[in-house]
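A short write-up of the structure that comes next.
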Amino acid sequence: MFFLDGGILLGAYLGVRMIEKYRNRKKKKSPKNQAVSVKPSQQMALTEQNMLSSTEKQFDRYLKISTISVCVAAARQFFYPSLSLLNAALYTYIAFPMLREAEKSLVQNRKINSYVLDAMLITLALSQGQYFAAALAVWFFYLGRKILAKTEDHSKKMLTNVFVQQPNSVWMLKEEVEIEIPLSELKVNDIVVVSTGEVVPIDGIITQGMAMIDQHALTGESQPAEKCIGDQVFASTLIISGKIYIKVEKTGEQTTVAKIGQFLTQAAYFKTKVQSKGEELADKSVKPILGAGLLALPLFGPYGTAAVLYCSPGNITRVLASLGTLNHLNLAAHKGILVKDGRAIEYLTEVDTVLFDKTGTLTQEEPEVGQVIICDNYGEDEVLRYAATAECKLAHPIARAILKKAKESNLTLPDIEDSKYKMGYGIMVTFENQLIRVGSIRFMTMEGIAIPQIIDEAIAHSHSEGHSLVMVAINDRLIGAIEMQSSVRPEAKSIIEGLRQRGIKHISIVSGDHKQPTQKLAEELNLDSYFYDILPEKKADIVEQLQKQGRTVCFVGDGINDAIALTKANVSVSLDGAASIATDMAQVVLMDGSLSRLCDLFDISKSLDVNLRRSFLSVIVPTVINLTGIFLLHFGLLSVIIIANAANAIGVGNAISPLLKLEKETTGKNKGLVNNE
């Protein structure tokens, strides 16, 4: 009778598979079945959506039937043997998915994995009359898969939706009248009206009005930002107060928030070294477990073999590692840290050297104009006007500072079409039949322009104060210089101290500035070394130089100007934030544009490493305990099932702990907001 149950299970499965293969052959021969053309991007979206929506429901269905099967199996084994047919039917149904995976592994992949062991286990258990233990094993299988599927689904939704709060319709200004239209109908250059309590639906520029905007989803910054005419705003940010009119720059998939979602989706599917090692060990453990099962057969019989087979780490190792990784990426996203390449989170635990770009990273992005040094009978406003005229087409921080000063001085600037910019040196433009050169002392020397003594003295004084000078020349004569004063980011010192507390052995700075200001900043921040007079394209050489010394380098820069260095570093971090998200080469972007979250990034990396190792132990330890118990203490299948699944529950709790912590923090913040209101 016992062997009959196993035979019914295998016979039913083989019969169903033969019928399915026959139907598939008929479908292939049918001319009515024509392929429907689907774009690759659409196919990926549909697949992902279907997986997220159906997996949990599927496991839920099987879990419910497994629960009934456990009850029927217990009643059959201990009280009512007459329930054998119902028990066999239920068990056959719930065992089918496991048998399919076993068949796929053996036939298609030609590989023995945990599903093959599961198939052998349930067949042996049935053959030995252990109906309750066999049903309980399958019930725990589906319970674990349902919990993991639900948690994984929830985590992925939180991860990809952390930035997404899009309305279905928007108010558009058309012929001075506000009309409501679907979001999908918006076009570039349309004017959108957004009021208090509403979500900004697009990326754009404010053309009218003023508002306080909560940008926490994008930047991680808890304080709202004040935005007015000319400022840029981003989709999925919330208007706390005010009303603004926004000229549409990007909609739909082109918005910053949509691109962030794409990056997060990509980052969610990488494998850490610990995860890969765990999966490798799980695969390698299958044959030893099978061998131990065969060894147990003459000693303890088929029932003992079934208990040994249940000890396989199997797929739980893969799922726990995936969950832990996904939840830490989620945690990073909620802190305003966009991880575009998941491998960066892992490699951060190996980093021993952090190399900072100077201007815009350790110092404020935009310097301020100090004094204007004049020579050759030109006035301060004239020198500033010529410099601003040359720089008006550029967007780097020094150009913006000069243009800001010119605006404050109410200077009128002409429109310049003819310009030639030399990266890292300076710019040349033609204006009023004169050649204007604006740039560094190095640029002027290269152009053969003599440096007056008054400028030499100003250079020495400015450098001693940690400032730099921008030279201005007309034709072949230097007419003056503009002093650029940079200020250190207020958070820089505490962040560097925090990095040292986290075990970073070497912290350095690289700058295109001269030795004196670079050295002064390095000494002020207590850095280990500094590099000066380095052109943007040469920063990568510094990274490689440190790597050749055996260092693992994290390069922190302010965006696209550091692109080569960012790609060369072991880990690359950018501060440019949302505005450059589509073009930034960095693996990680600190969305608030400051260094304040850099130590959090290292903490998340360490937490992930610890979490994965704990998950790994939660699988290995019960496996060792159960195998030892079977051979030395004669553990039965039921005991092995209970011990293994108790450990699995601990592993799941460990894997989802970052998610629980995040939800607790979010709930606390929401309560605080309600109380304040």
Close pairs (8 angstrom Cβ cut-off, 6 or more residues apart or separate chains): in the same structural domain as Q208 (by TED's automatic domain parsing) in region 228-240, polar (S, T, N, Q) and modelled with pLDDT of 85 or more anywhere: I229/T207; I229/Q208; I239/S195
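So which residues in region 487-527 are within 30 Å of the chain's Cα centre (by Cα) and either of a type in the set (D, E) or assigned to a helix (DSSP H, G or I) (or both)?
E491, A492, K493, S494, I495, I496, E497, G498, L499, R500, Q501
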Kindly indicate whether any position in region 477-490 is more than 20 Å from A399 (Cα to Cα) and modelled with pLDDT of 90 or more. yes
With criteria (1) in the same structural domain as G498 (by TED's automatic domain parsing); (2) at pLDDT below 85; (3) of a type in the set (A, V, I, L, M, F, W, C), F555 comes up short on (2)
Any idea which of I191, I206 is surrounded by 15 or more Cβ atoms within 10 Å (Cβ to Cβ), at pLDDT 85 or above, under 21 Å from T237 (Cβ atoms) and touching an Asp or Glu at 6+ places or on another chain (Cβ under 6 Å)? I206
Output the residues belonging to region 100-136 that are under 26 Å from G636 (Cβ atoms) and of a type in the set (D, E, K, R). E101, D118
Can you go through G466, G426 and tell me which one is within 30 Å of R551 (Cβ to Cβ), buried (at least 19 other Cβ atoms within 10 Å of the Cβ) and either in contact (Cβ under 8 Å) with a residue 24 or more places away in the chain or of a type outside the set (G, A, S) (or both)? G466
Scan region 421-443 for residues that are at pLDDT 70 or above and touching a strand residue (DSSP E or B) at 6+ places or on another chain (Cβ under 7 Å) and report the count. 13
Number of the exception - L660 against (1) surrounded by fewer than 16 Cβ atoms within 10 Å (Cβ to Cβ); (2) in contact with a His (Cβ under 7 Å, 6 or more places away or on another chain): (2)
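Return the total of residues in region 354-392 being part of a loop (DSSP other than H, G, I, E, B) and over 34 Å from the mean Cα position of the chain (by Cα).
Just the residues of region 354-392 that are part of a loop (DSSP other than H, G, I, E, B), to begin with: 364-367, 375-379, 392.
Restricting the remaining residues to those that are over 34 Å from the mean Cα position of the chain (by Cα) gives 375-379, 392.
Matching residues across region 354-392 total 6.
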Restricting the first residue to region 99-128 and requiring it to be not assigned by TED's automatic domain parsing to the domain that holds I316 and of a type in the set (F, W, Y), which pairs with a second residue that is surrounded by fewer than 16 Cβ atoms within 10 Å (Cβ to Cβ) and not in a helix (DSSP H, G or I) meet a Cβ separation below 6 Å and a spacing of at least six or different chains? none
Selection status of L469, within 16 Å of R385 (Cβ to Cβ) and either among the aliphatic types (A, V, I, L, M) or modelled with pLDDT of 80 or more (or both): no
Between a first residue in region 171-190 that is at negative phi and a second residue that is modelled with pLDDT under 85 and aromatic (F, W, Y), which pairs have beta carbons less than 6 Å apart while being 6 or more apart in sequence or on different chains? none
Pairs under 6 Å by beta carbon, first residue over 19 Å from S594 (Cβ atoms) and not assigned by TED's automatic domain parsing to the domain that holds M591 in region 207-218, partner of a type in the set (S, T, Y) and modelled with pLDDT of 80 or more, six or more apart or different chains? T207/Y245; Q208/Y245; G209/Y245
Selection from region 612-627 of residues crowded, with 19+ Cβ neighbours inside 10 Å and closer than 14 Å to L323 by Cβ yields L612, S615, F616, S618, V619
If I ask for residues that are outside any loop (DSSP other than H, G, I, E, B) and either at pLDDT 80 or above or out of contact with any strand residue (DSSP E or B) (no Cβ under 8 Å at 6 or more places or on another chain) (or both), which ones from region 258-272 would you list? A258, K259, G261, Q262, T265, Q266
From L329, L299, grab the single residue that is assigned to a helix (DSSP H, G or I) and either closer than 27 Å to L633 by Cβ or touching a Pro at 6+ places or on another chain (Cβ under 8 Å) (or both). L299
Exactly one of E253, E226, E221 is assigned to a loop (DSSP other than H, G, I, E, B) and either of a type in the set (S, T, Y) or at pLDDT below 85 (or both), and that one is E221
Give the residue, chosen from D352, D357, D381, D418, that is modelled with pLDDT of 85 or more and over 25 Å from D541 (Cβ atoms). D381
Restricting region 515-527 to residues that are of a type in the set (D, E, K, R) and loosely packed, with under 14 Cβ neighbours inside 10 Å, which is nearest to G439 (Cα to Cα)? K515
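A quick yes/no check of all residues on (1) polar (S, T, N, Q); (2) touching a Phe, Trp or Tyr at 6+ places or on another chain (Cβ under 9 Å); (3) modelled with pLDDT under 80:
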position	(1), (2), (3)
Q58	yes, no, yes
Y62	no, yes, no
T67	yes, yes, no
V70	no, yes, no
A73	no, yes, no
Y80	no, no, no
L99	no, yes, no
N109	yes, no, yes
Considering only region 110-139, state which residues are more than 18 Å from I289 (Cβ to Cβ), surrounded by fewer than 24 Cβ atoms within 10 Å (Cβ to Cβ) and of a type outside the set (F, W, Y). R110, S127, Q128, G129, L136
Within the bounds of region 90-109, is there any residue that is assigned to a helix (DSSP H, G or I), touching a Leu at 6+ places or on another chain (Cβ under 7 Å), farther than 12 Å from A306 by Cβ and among the aromatic types (F, W, Y)? yes
Return the pairs, sorted by first residue and then second, in which the second residue is not in a helix (DSSP H, G or I) and not aromatic (F, W, Y), the first residue lies in region 634-663 and is outside the structural domain of A134 (by TED's automatic domain parsing), the beta carbons are less than 9 Å apart, and the residues are 6+ apart or on different chains. none
Given the conditions (1) assigned to a helix (DSSP H, G or I); (2) under 21 Å from A149 (Cα atoms), which single one is not true for P313? (1)
Single residue of region 528-555 satisfying the filter (in a loop (DSSP other than H, G, I, E, B) and polar (S, T, N, Q)) that is surrounded by the fewest Cβ atoms within 10 Å (Cβ to Cβ): Q549
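The values are calculated or read from the model by the stated rules, or taken from the named source; none is laboratory data. Just so it is clear, the model here is predicted, and its values are computed rather than measured. Using ideal geometry, Cβ is built from the backbone for each residue, glycine included, and neighbour counts are taken over all protein chains shown.
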